[in-house]
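Just below is one structure, and these are the notes that go with it.
The values are calculated or read from the model by the stated rules, or taken from the named source; none is laboratory data. Just so we're clear, the structure is a prediction, and the values are computed from it rather than from any experiment. Using ideal geometry, Cβ is built from the backbone for each residue, glycine included, and neighbour counts are taken over all protein chains shown. Surface areas here come from the heavy atoms of the whole protein model, side chains and all, with no ligands, DNA or RNA. Shrake-Rupley method; radii C 1.70, N 1.55, O 1.52, S 1.80 Å.
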Amino acid sequence: MAAEEHLESSATIERGRSTLVFPLEIWTLILNRIRYPSDVATMARVCRAMRFEAEAVLYHHVTIGPDAERLLCFSRTLSGCPRRASSVRELHIEAVGANEASEAPLTEAIATILRMVEHLQGLEINVVADDFMRRCLNADVLNVQLPALRRFYTNFPAHDALLRFLRRNAHIQELKHDTIFPHLEWNTPDAFPHLELLSLRKLTCRSRLLSHLATLPQLTHLYMPSYLLHDLPNVARLFGEGLVSLRLGLPKMMLGRPGPRWTFDDIHANFPRLLYLRMDEYQSTAKLAGRGFDFDAAPHPRVANAPAKLTFAWVAMWTPDRESTALAFVQTTVTPKAEDLLKRWSPYLNRIVFWVDGLYEQTFVSFALGPGGEVTVVREADLKEEYLQA
């Protein structure tokens, strides 16, 4: 009892005043180091001052999975306490509908949440199920303006509702768009005006949306999960001068029009600042070969004057047999081709990174020219995240 009296007197506990010994700034640092949200929620019950600080940590990054009740509960929580909405900086919503009766309140909950999180900096919203996506589009749940928004990821189709959202939030710096609802996109996309996203630096999207994003003066990173070979000249014309990183997914070919095959010389001529080129072929292959690229072409003389700077990353599927391993496959099949490319395209081509995505294992190997012109081959697992995030 004496210990309790000592603690009570040293903390000078008074009704309506904080009982915290340390300054709030120190407690904020401590709260951000706590691993489990349930422990932070427990700290919020200590006193009013601690509650404010703990809630700012709890609501800073909110992830709502496919649990419909959690989405409804979060909407009610923010409506009942707008102060909590002002703490939300990152929001990830994965919404799954079941039927019309259950989807109507979910659609309203999403719209309510987005209207209240006015300080939001990062938003990811994905909707699962065709009918539910239609209702979200019809309800225009994206009819909001978020002044602090910097990152926006979504699977909403290239629809006028998405276009209006991007126009209201033209200050975003990173956009990731990849939809599973192409049948809900515009039937006549040329009828919609081009967008000016003057601050956009990183973009992931397919050709359909890219055709509406013609004014992107700050764009440096572009990833196209799938593309037509005929898109590349247009991409080069619009963004070639500024891109430093270009990632290409599966190329598509128009019937009767195989399209031009690009070379490293074309890359050098059309993307002069490019430092990183990645191709995700994901096809079983016995050699380094791309459907949209000609790797056997001879270099143009002007490439000899280019600085050594381009890193070329290649991702391919590999189907093993019982006797082989992914590393053996790389050594016997990929290495000779990579060595030939490096020697022919040096000094422009600085490094080749080859990622073999096998059924049971993944192998990550890099090839580079040494100071004496020899090719060094290194299996570098630590490079994987660096290149996959580029």
Quiz prompt | Failed criterion for Asn138 (all others in (1) buried (at least 20 other Cβ atoms within 10 Å of the Cβ); (2) more than 17 Å from the chain's Cα centre (by Cα); (3) not aliphatic (A, V, I, L, M) hold) | solution = (1)
Quiz item: Is it the case that Leu114 is at pLDDT 90 or above, surrounded by 16 or more Cβ atoms within 10 Å (Cβ to Cβ) and in a loop (DSSP other than H, G, I, E, B)?
Solution: no
Self-check item: Only listed residue being part of a loop (DSSP other than H, G, I, E, B), at pLDDT 75 or above and within 30 Å of Gln173 (Cα to Cα), chosen from Pro225, Pro233, Pro272
Solution: Pro272
Exercise. Starting from segment 122-139, keep only residues that are closer than 24 Å to Glu90 by Cβ, then list their pairs with residues that are open to solvent by 50 Å² or more (accessible area, probe 1.4 Å) and of a type in the set (Ser, Thr, Tyr) whose Cβ atoms are within a distance under 7 Å, requiring at least 6 positions of separation or different chains.
Key: Glu124/Tyr153
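Is segment 125-146 home to any residue that is part of a helix (DSSP H, G or I), among the acidic types (Asp, Glu) and modelled with pLDDT of 90 or more? Please lay out each step first, then the result.
Filtering segment 125-146 for residues part of a helix (DSSP H, G or I) gives 130-139.
Restricting the remaining residues to those that are among the acidic types (Asp, Glu) gives 130-131.
This time we only want the ones that are modelled with pLDDT of 90 or more, so: none.
No, there is no match, as no residue in segment 125-146 is part of a helix (DSSP H, G or I), among the acidic types (Asp, Glu) and modelled with pLDDT of 90 or more.
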Quiz item: Among Leu72, Leu24, Leu58, which is at pLDDT 90 or above and open to solvent by less than 80 Å² (accessible area, probe 1.4 Å)?
Solution: Leu72
Quiz item: When Thr77 is evaluated against the numbered criteria (1) of a type outside the set (A, V, I, L, M, F, W, C); (2) open to solvent by less than 60 Å² (accessible area, probe 1.4 Å); (3) closer than 27 Å to Pro182 by Cα, which criterion, by number, is the only one it fails?
Solution: (3)
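Do we have Pro66 as in a loop (DSSP other than H, G, I, E, B), closer than 23 Å to Thr204 by Cα and open to solvent by 20 Å² or more (accessible area, probe 1.4 Å) here?
Values: in a loop (DSSP other than H, G, I, E, B): yes; closer than 23 Å to Thr204 by Cα: no; open to solvent by 20 Å² or more (accessible area, probe 1.4 Å): yes.
For Pro66, the condition - in a loop (DSSP other than H, G, I, E, B), closer than 23 Å to Thr204 by Cα and open to solvent by 20 Å² or more (accessible area, probe 1.4 Å) - is not met.
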Exercise. Among residues belonging to segment 198-222 that are modelled with pLDDT of 80 or more and polar (S, T, N, Q), point out the one that is nearest to Gly249 (Cα to Cα).
Key: Thr204
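Going through His177, His171, His119 one at a time, which residue ends up being surrounded by fewer than 17 Cβ atoms within 10 Å (Cβ to Cβ), under 26 Å from Tyr223 (Cα atoms) and either among the basic types (Lys, Arg) or at pLDDT 90 or above (or both)?
Values: His177 fails: surrounded by fewer than 17 Cβ atoms within 10 Å (Cβ to Cβ); His119 fails: under 26 Å from Tyr223 (Cα atoms).
Unique residue meeting the criteria: His171.
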Self-check item: Only listed residue being open to solvent by 10 Å² or more (accessible area, probe 1.4 Å), modelled with pLDDT under 85, among the aliphatic types (A, V, I, L, M) and not in a helix (DSSP H, G or I), chosen from Ala316, Ala289
Solution: Ala289
Practice problem: Kindly indicate whether Ser102 is of a type in the set (Gly, Ala, Ser) and assigned to a loop (DSSP other than H, G, I, E, B). | Solution: no
Quiz item: Here are some conditions: (1) more than 22 Å from Ala170 (Cβ to Cβ); (2) open to solvent by 60 Å² or more (accessible area, probe 1.4 Å); (3) modelled with pLDDT of 80 or more. Met253 meets all but one. Which one does it not meet?
Solution: (3)
